[in-house]
Amino acid sequence: IKEIKELEKMRCWKVVKLSSVPHGAKLISCRWVFKLKYRDGAYERHRARLVAMGYQQEKGRDYFESFSPTCSHSTIRLVLALTSVPGWHALDLDAVCAFISSDLAEGEHVYMKGPPGYDIGDGNCLSMLKCIYGLVQAPRQYYMLCREVYQ
């Protein structure tokens, strides 16, 4: 699957022995979310995304902060209205695999069971190095990465 190759290329995890997982750490599960992509009303392709079951995470053990600033609808409307000013243009940005661009915060350790259909061997699990969709801290870590890049 293209998604697994992308996650491996981005070094999102490392395979570790279950015996090396610290006492008290919880292995979170993950699952594949499949979606059909359409363009102009016509089927284009299948899309697969690996999503961690972040509801299994516990604050203080798996993550420390989860707040990430958001934008209100009135702010979005204001920005769109400003693009109607003659000579002004709006650009859009689509970050492919956005969350996996950001590392886990220092001191945060997340251990995950292997994805369905992906063999990591018996007695092994994944030690996450980067955020993936579904982790509670993923939006915050992506925001922190963007803030660091754009400042």
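Counting only Cβ charges, +1 for Lys and Arg and -1 for Asp and Glu, the dipole size of the stretch 24-85 around its Cα centre is about 260 debye.
Size of the dipole of the stretch 101-147 about the Cα centre, Lys and Arg at +1 and Asp and Glu at -1 on the beta carbon, nothing else charged, in debye to 20? So the magnitude is around 240 debye. When all alpha carbon pairs of the chain are counted in 5 Å bins from zero, the resulting P(r) reads 2, 8, 14, 18, 16, 14, 11, 7, 5, 3, 1, 1, 0 %.
Sorted by packing (mean other beta-carbon atoms within 10 Å per residue), highest first, where do 56-66, 136-146 land?
Numbers: 56-66: 14.9, 136-146: 18.9.
Per-residue mean Cβ counts within 10 Å order the peptides as 136-146, 56-66.
Here, the stretch 11-97 has an Rg and a Dmax of 20.6, 63 Å when only alpha carbons are counted.
Ordering 76, 28, 120 by accessible surface, largest first, gives 76, 120, 28; the 1.4 Å probe counts only protein heavy atoms, with every chain in place.
Quickly estimate the mean residue ellipticity at 222 nm for the chain, helices only: each DSSP H run with n ≥ 4 gives -39500 (n - 2.57), and the total goes over all residues, rounded to 500.
The helix-only estimate for the chain comes to -6000 deg cm²/dmol at 222 nm.
Dipole magnitude for the chain: about 320 debye, using +1 per Lys or Arg Cβ and -1 per Asp or Glu Cβ, origin at the Cα centre. Taking only protein heavy atoms and a 1.4 Å probe, the accessible area of the chain is 55% carbon and sulfur. In the structure shown, the pairs 2/37; 37/113; 26/113 are assessed against 20 Å; a Cα-Cα span above that value is assigned to 37/113. For a paramagnetic label modelled at 7 Å from the Cα of residue 82 toward its Cβ, which residues of the stretch 131-151 fall within the zone defined by backbone nitrogen distances under 19 Å? Backbone N within reach: 147, 150-151. Based on protein heavy atoms only, the chain ends up with 69 Å² per residue of surface accessible to a 1.4 Å probe. For the chain, the longest principal axis of the C-alpha atoms and the axis of helix 138-150 are separated by about 60°. Charged neighbours of residue 28, selected by a Cβ distance under 9 Å, balance to +1 (K, R count +1; D, E count -1). Farthest toward the positive end of the dipole of the chain, out of 99, 145, 83, is the Cα of 99, where the dipole comes from beta carbon charges about the Cα centre.
The values are calculated or read from the model by the stated rules, or taken from the named source; none is laboratory data. Please read these numbers as outputs of a predicted model, since none were measured by experiment. In this analysis, Cβ positions are derived from the backbone assuming ideal geometry, glycine residues included, and neighbour counts consider all displayed protein chains. Side chains included, ligands, DNA and RNA excluded: accessible areas come from the protein's heavy atoms. Shrake-Rupley method; radii C 1.70, N 1.55, O 1.52, S 1.80 Å.
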